[in-house]
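**Q** Let me give you the structure first, and then I'll get to my questions.
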Amino acid sequence: MSGHNKRDNALLDRRTLLRAGAAAAFAAPIGVFSAQAFPFRTVTPNIDFSEFPICKTASDAAPLTGAPRKLKLSWNAGAVCLAPLPVAIDHGFFQKQNLDVELVNYSGSTDQLLEAIATGKTDAGLGMALRWLKPLEQGFDVKIAAGTHGGCMRVLSRTNSGVDKLADLKGKIVGVGDLAGPDKNFFSIQLAKQGIDPNKDVDWRVYPANLVRLAFEKGEVQAFLAGDPIAYLWLKDPAYKEVASNLDGDYKDKTCCIVGLRGSLVRDEPQVARAVTQALLDAAMFTSQNPDKAAASFQPYAPKTASLPDLEAMVRYHTHHHHPTGAVLKQELKAYADDLKLVSVFKPSTDTTKFAERIYVDVFGL
């Protein structure tokens with residue numbers, strides 16, 4: 001549990017914030033499950049911009065005029081790292097931009113979600129870079145406007161398993177929710193960088209989340225990949241520990257999740273594209289500064305076993321202060337594309353610099 005505890009009280013890195021600039025906070029897979037609309041609590045959200053002068057400049061831009069613009073925004077209601085979305089509803093960040101946003105909860109394949117955005121079934125979505133980039137390489141008409149946060153992925157094991165670091169996964173059986181999932185891609189990349197062949201040296205096995213604990217107890221797996229809230233709640237049990245996460249090493253200052261916008265929205269209504277991105281940016285900043293309020297906003301979607309202090313700790317663990325745009329985001333997207341070449345997800349011939357330029361859009365410069 002040391003990896004989980006050591007970040008709960010992490011302070012904001014001002015240089016990272018100023019370097020990164022702007023954006024939001026979330027992630028989400030796919031396949032419509034339900035749609036929801038929410039009332040606003042307030043239209044005067046309190047954000048301290050003293051550490052975010054670049055963001056303040058963008059936030060001061062005039063909101064849309066006329067009747068509120070209706071939008072559909074895809075999210076995964078079970079992912080606590082998406083807390084800024086209910087925050088944006090509860091604390092009026094969408095309303096501040098004159099937007100009437102309907103949250104659509106998705107589950108299923110990433111291709112379905114990206115197709116839904118590209119074809120106008122929804123206007124924007126939130127998802128994980130290491131899952132979105134391959135479909136985007138293949139040409140979906142979706143533009144990345146911002147990174148959102150880091151800290152979605154962890155490797156867990158039993159305390160007495162002998163798996164104490166990522167390299168210890170060599171020769172082990174590791175449970176995953178999806179063989180094409182972003183967490184499997186991420187930790188495969190990290191293994192490859194240590195000279196371990198993730199395809200030959202690790203036995204990846206798929207388990208539904210509700211059967212993983214039983215698999216552990218029966219000795220069928222020695223480690224498992226998971227995200228919050230599941231991972232955090234497991235780590236409350238001293239029988240389990242965090243072996244690695246995507247906040248280790250160089251990745252502690254990188255985003256793992258991104259905001260995607262419908263390509264035609266960017267081209268035809270650039271002010272709307274800017275407005276929704278700005279609302280998400282403001283909600284992310286508010287979340288990083290007010291984790292208690294963010295936890296309260298997310299609580300209706302959390303497992304019953306997660307207390308409010310649990311949710312606040314999870315919000316603090318995720319790096320909602322890091323939500324890059326511009327050159328910083330393009331460099332991160334390029335770096336992830338280069339990483340995906342290491343594990344043969346991206347084609348060797350892909351020019352990752354041109355790829356990052358093609359999929360990114362500067363909504364504040366339109």
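The values are calculated or read from the model by the stated rules, or taken from the named source; none is laboratory data. From a predicted model like this one, the values you see are computed outputs, not experimental measurements. Methodologically, a virtual Cβ is constructed for each residue, glycine included, from the backbone with ideal geometry; neighbour enumeration extends over all protein chains shown. Ligands, DNA and RNA are stripped out before the accessible areas are found, and what is left, the full protein with its side chains, is counted by its heavy atoms. Shrake-Rupley method; radii C 1.70, N 1.55, O 1.52, S 1.80 Å.
**Q** If you take the square roots of the eigenvalues of the alpha-carbon gyration tensor of region 212-293 and sort them as a ≥ b ≥ c, do you get rounded (a/c under 1.5), prolate (a/b over b/c) or oblate?
**A** Numbers: a/c = 2.93, a/b = 2.26, b/c = 1.30.
Prolate, because a/c is 1.5 or more and a/b exceeds b/c.
**Q** Considering amide H positions built from the backbone, and no H for Pro or chain starts, which residues 5 or more places from Glu102, or on another chain, come under 5 Å of its amide H?
**A** Leu71, Lys72, Leu73
**Q** Ignoring ligands, DNA and RNA, please state the percent of accessible area on region 75-224 from carbon and sulfur, probe 1.4 Å. Intermediate results must be reported in sequence, preceding the final value.
**A** Values: 2390 of 5110 Å².
The C+S portion of the solvent-accessible surface of region 75-224 is 47 percent.
**Q** Oh, and also: How many Å² of accessible area per residue for region 60-123, probe 1.4 Å?
**A** Numbers: 2220 Å² over 64 residues.
Per residue, region 60-123 has an accessible area of 35 Å².
**Q** Please state the charge dipole magnitude for region 135-273, taken about the Cα centre, from unit charges on C-beta atoms (+1 on K and R, -1 on D and E), reported in debye and rounded to the nearest 20. Mind dumping the intermediate values first?
**A** Working: 18 positive and 19 negative charges, 46 e Å.
For this selection, approximately 220 debye.
**Q** Here is a follow-up. Between Asp203 and Ala239, take the C-beta separation as r, use R0 = 22 Å, and let me know the FRET efficiency to the nearest 0.05.
**A** Details: r = 22 Å, r/R0 = 1.01.
Plugging the Cβ-Cβ distance into 1/(1 + (r/R0)^6) gives 0.50.
**Q** Further question on the same structure: Relative contact order, percent, of region 69-137 when contacts are C-alpha pairs under 8 Å separated by at least 6 residues?
**A** Numbers: 69 pairs, mean separation 30.0, N = 69.
With pairs under 8 Å counted, the relative contact order is 43 percent.
**Q** A further question on this structure: Placing +1 on the Cβ of each Lys and Arg and -1 on the Cβ of each Asp and Glu in region 157-254, which of Phe216, Ala180, Trp234 has its Cα farthest towards the positive end of the resulting dipole?
**A** Farthest along the dipole direction, towards plus: Phe216.
**Q** Taking 31 Å as the cut-off for C-alpha to C-alpha distance, list the pairs among Lys165/Lys254; Lys70/Lys347; Lys72/Lys193; Lys236/Lys334; Lys218/Lys254; Lys96/Lys241 that go past it.
**A** Details: Lys165/Lys254 21 Å; Lys70/Lys347 38 Å; Lys72/Lys193 39 Å; Lys236/Lys334 36 Å; Lys218/Lys254 36 Å; Lys96/Lys241 42 Å.
Pairs exceeding 31 Å: Lys70/Lys347; Lys72/Lys193; Lys236/Lys334; Lys218/Lys254; Lys96/Lys241.
**Q** Could you tell me how far the Cα centroid of region 315-366 sits from the Cα centroid of region 120-171, in Å?
**A** With region 120-171 and region 315-366 each reduced to a Cα centre, they are spaced 12 Å.
**Q** How far apart, in nm, are the 7 Å Cα→Cβ label points at Asp268 and Lys70?
**A** Placing both labels 7 Å along Cα→Cβ, they lie 1.5 nm apart.
**Q** Right, another one. Using a Förster distance of 51 angstrom, determine the FRET efficiency expected from the C-beta separation of Lys354 and Asp292, and round it to 0.05. Don't skip to the answer; put the middle values down first.
**A** On the way: r = 43 Å, r/R0 = 0.85.
For Lys354 and Asp292, the calculated efficiency is 0.75.
**Q** Could you report region 288-366's accessible area per residue, 1.4 Å probe, as an integer in Å²?
**A** Values: 3430 Å² over 79 residues.
Solvent-accessible surface per residue comes out at 43 Å².
**Q** If I ignore ligands, DNA and RNA and count only protein heavy atoms, how much of Arg213 is accessible to a 1.4 Å probe, in Å² to the nearest 10?
**A** Its heavy atoms expose roughly 80 Å² to the probe.
**Q** Test of the criteria: in region 78-143, which trypsin sites (Lys or Arg not before Pro) are in a DSSP loop and have at most 15 other Cβ atoms within 10 angstrom of their Cβ?
**A** Working: sites: Lys96, Lys121, Arg131, Lys143; in loops: Lys121.
In loop regions of region 78-143 (DSSP not H, G, I, E or B), the sparsely surrounded trypsin sites (Lys or Arg not before Pro) are Lys121.
**Q** Relative to the present Cα-Cα distance, how much length would full extension add between Lys121 and Glu217 at 0.36 nm per residue of separation?
**A** Roughly 30.3 nm would be gained on extension.
**Q** What accessible area per residue comes out for region 144-240, rounded to a whole number of Å², with a 1.4 Å probe? Could the numbers behind the result be given before it?
**A** Numbers: 3810 Å² over 97 residues.
Normalised by residue count, the accessible surface of region 144-240 is 39 Å².
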